[in-house]
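Asker: Structure below; questions to follow.
The values are calculated or read from the model by the stated rules, or taken from the named source; none is laboratory data. Just so you know, these numbers come straight off a predicted model, no measurement behind them. So basically every Cβ, Gly included, is an ideal-geometry build from the backbone, and we count neighbours across all protein chains shown.
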């Protein structure tokens, strides 16, 4: 065993000599004065402080980025809602201008005689128009024999009725309509008292 360890030491010595012959520098021990150590310590502190400042700055920028991203998402949502609101308002205004036409259709159909082919054609056109408007969001307010609701009914008079019909709508003078669950035109009614 002793022979093996001595051959290992010889190998190490031989490598060290080869290394020195190739011009490799020897390891040197570095000695520093107290002032140099203080200066080095101060430099390390400055580097650490600069690193901490950069980390804080990175965190602030990341927070700013998240806020800007949230603001942009809110802006997109508000823009979409405003656009939808404007489209709905434009559609509501257009449909509101058609309500007198619907009223005239209904008046014409109440005066039509049974078996009149002209009246049957008008009835088909009326149904087609109402289907298109309902698909767009128009809904007729059911007023007859429902409790009077000032939010959707406009009372133009009172009618003496039996006790069980008091407070109910007994006559509908003009139909009311909702457009996408918003009041477009109130029902004009007479209320039982």
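Asker: Mind telling me which of the residues 128, 113 ends up being part of a helix (DSSP H, G or I) and out of contact with any helix residue (DSSP H, G or I) (no Cβ under 6 Å at 6 or more places or on another chain)?
Answerer: Only one candidate passes the filter, namely 128.
Asker: Here's something else I'd like to know. Just for segment 117-132: of the residues that are surrounded by 14 or more Cβ atoms within 10 Å (Cβ to Cβ) and over 42 Å from the mean Cα position of the chain (by Cα), which one is nearest to residue 176 (Cα to Cα)?
Answerer: Per the criteria, the residue is 123.
Asker: Is it the case that residue 114 is exposed (fewer than 13 other Cβ atoms within 10 Å of the Cβ) and in contact (Cβ under 8 Å) with a residue 24 or more places away in the chain?
Answerer: Taking the combined requirement at face value, the residue does not satisfy it.
Asker: Return only the number of the condition from (1) farther than 22 Å from residue 94 by Cβ; (2) not in a helix (DSSP H, G or I) that residue 118 does not satisfy.
Answerer: Condition (2) is where residue 118 drops out.
Asker: Looking only at segment 135-193, how many residues end up being at pLDDT 90 or above, in a helix (DSSP H, G or I) and touching a strand residue (DSSP E or B) at 6+ places or on another chain (Cβ under 7 Å)?
Answerer: Qualifying residue count, segment 135-193: 0.
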